[in-house]
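Readers should treat all values here as calculations from the given coordinates under stated rules, not as data from a laboratory. Quantities reported herein were computed from a predicted structural model and do not represent experimental measurements. All Cβ positions, glycine included, derive from the backbone under ideal geometry; neighbour counts span all protein chains shown.
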Amino acid sequence: MVVVAILGVLAATGIIAFGGYTSAAKKAAAEANYTNIEKRLSTVIISCMSGMEISLGLFQNRSPNTWTCTSQFLNADQLAWNTYLEVKDKIKNPYNSGSTSSVDWSNGACPPTNLEVGQIRIGYAHKNNYCGMAGNTACIKVNIGDTDNDGNDNYLEKEFNLCEY
């Protein structure tokens, strides 16, 4: 009877610890997904705004299946949209593997709102437009869940004002 009780306590402790590890792993995966996409978006913006040509793709189920930025008609909408197309089918939501919108698009709203846990949203907007560029701000945001146990989800987000490049 004592052995069974000890095994029960050990099993309960292991289940609690395992739950904490999976929770931390999901948060770390959501943060890594965000960081990788944020770096890609930053690279695309810096390269294109500097006059360098950079190709994005391969896009799935699209024709053409690549896009190359040129100095003509650059704006945040084009840069964020094509970055979104490049990554949207390659990232999975660590909190919900069945999610069909792990990476989603936000048309004209930075920062995006109403993200499910683990979801990343890329978008653009007209903000602080002191350079006269239509659609001058690109953004990315991720919901990493309630990491501080206060009952509210936590977010990572970044905006890129193309007027500053």
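Observations on the structure shown:
- Candidates Gly57, Gly118, Gly151: whichever shows maximal mean-square fluctuation once the chain is modelled as a Gaussian network with Cα springs under 10 Å: Gly151
- Label-zone membership for region 114-135, site Ser99, 7 angstrom Cα→C-beta point, backbone N under 16 Å: 114-123
- Likely footprinting exposure, Ile37, Ile91, Ile46, Ile140, fewest C-beta neighbours within 10 Å first: Ile46, Ile91, Ile37, Ile140
- Folded to 0 to 90 degrees: helix 2-49 orientation relative to the chain principal axis, Cα: 10
- Order of Arg121, Arg62 - criterion: other Cβ atoms within 10 Å of each residue's Cβ, fewest first: Arg62, Arg121
- Cα gyration tensor, the chain - rounded (a/c under 1.5), prolate or oblate: prolate
- For the pair Thr35 and Leu156, the difference between a 0.36 nm per residue extended length and the Cα-Cα distance amounts to 42.6 nm.
- Lys/Arg +1, Asp/Glu -1 at C-beta; region 2-164 dipole; positive extreme among Ala28, Asn143, Asn61: Asn61
- Cα-centre dipole for region 112-165 with unit charges at Cβ (Lys and Arg positive, Asp and Glu negative), debye to 20: 360
- Antiparallel DSSP beta bridges within region 37-165, as percent of all bridges there, nearest 5: 75
- Relative contact order computed over region 33-154 (Cα-Cα under 8 Å; 6+ residues apart), in percent: 20
- Integer Hz, Karplus 6.51/-1.76/1.60 couplings in order for region 121-136, x for Gly and Pro: 10, 10, x, 8, 7, 9, 9, 6, 8, 8, 10, x, 8, 5, x, 8
- Fewest-first ordering of Tyr165, Tyr130 by other beta carbons within 10 Å of each residue's beta carbon gives Tyr130, Tyr165.
- Using only side-chain charges placed at the Cβ, +1 for Lys and Arg and -1 for Asp and Glu, the dipole size of the chain relative to its Cα centre rounds to 340 debye.
- Residues whose placed amide H lies under 5 Å from that of Asp104, excluding near-sequence neighbours: Ile120, Arg121, Ile122
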